[in-house]
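What follows draws every value from the coordinates through simple rules; no lab data is involved. None of these values were measured; they are calculated from a predicted model. Every residue, glycine as well, gets a Cβ built from its backbone with ideal geometry; the counts of neighbours run over all protein chains shown.
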Amino acid sequence: MQRHLQAGIFGGAKACGLNVLLGMVMSGQMPQRPGAFAAQFAPETLQRFKDLCRQQDKAYSKVLERLAVLYIETNGAVLADRWSAPGAPVATTQGVQKRQVQVETLQNKLLEDLLKRVELLEKKDVKMLYELDRVYKELAFLKSGLQSPS
């Protein structure tokens, strides 16, 4: 098809425009579909990102899309304190501290909930053991031919 365009089979300006468009598509300068884009990552960063996504069984394109949505929703604030050089320590701000307190509070609530559930299960376990013991004794009475004392 490219040879046909170069030969001018489609005619004049139309062929020239199609030739430019075809060249852009072939060179990768133009997205293949709406919503597609190309980015240049540092090779090590890209590899570590892909490895982590693969480890978590997530499509890295979907992770990037979610990050973009988060960036838009926060009007860029999600990265406001992280624009330092890669690997440099990130300054702790009130926003980060507040989120950390919220996370710790949530963790404490979850831990309390889990402890309550464990306590309930332990009580149920004790009741079940008591019932099993009672049934076992009643079964022993029946096997011996005696009436159970109930």
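Computed quantities for the displayed model
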item: Loop trypsin sites (Lys or Arg not before Pro), the stretch 48-83, which have at most 13 other Cβ atoms in a 10 Å radius of their Cβ (DSSP); result: Lys58, Arg82
item: R0 of 22 Å, Cβ-Cβ distance Arg99-Leu79: FRET efficiency to nearest 0.05; result: 0.95
item: From phi via Karplus (6.51, -1.76, 1.60), per-residue ³J(HN,Hα) for the stretch 129-138 in Hz, x at Gly/Pro; result: 5, 4, 5, 4, 5, 4, 5, 4, 5, 5
item: Cross-link reach list, lysines versus Lys123, counting only Cα pairs under 25 Å and skipping chain neighbours closer than eight places; result: Lys109, Lys137
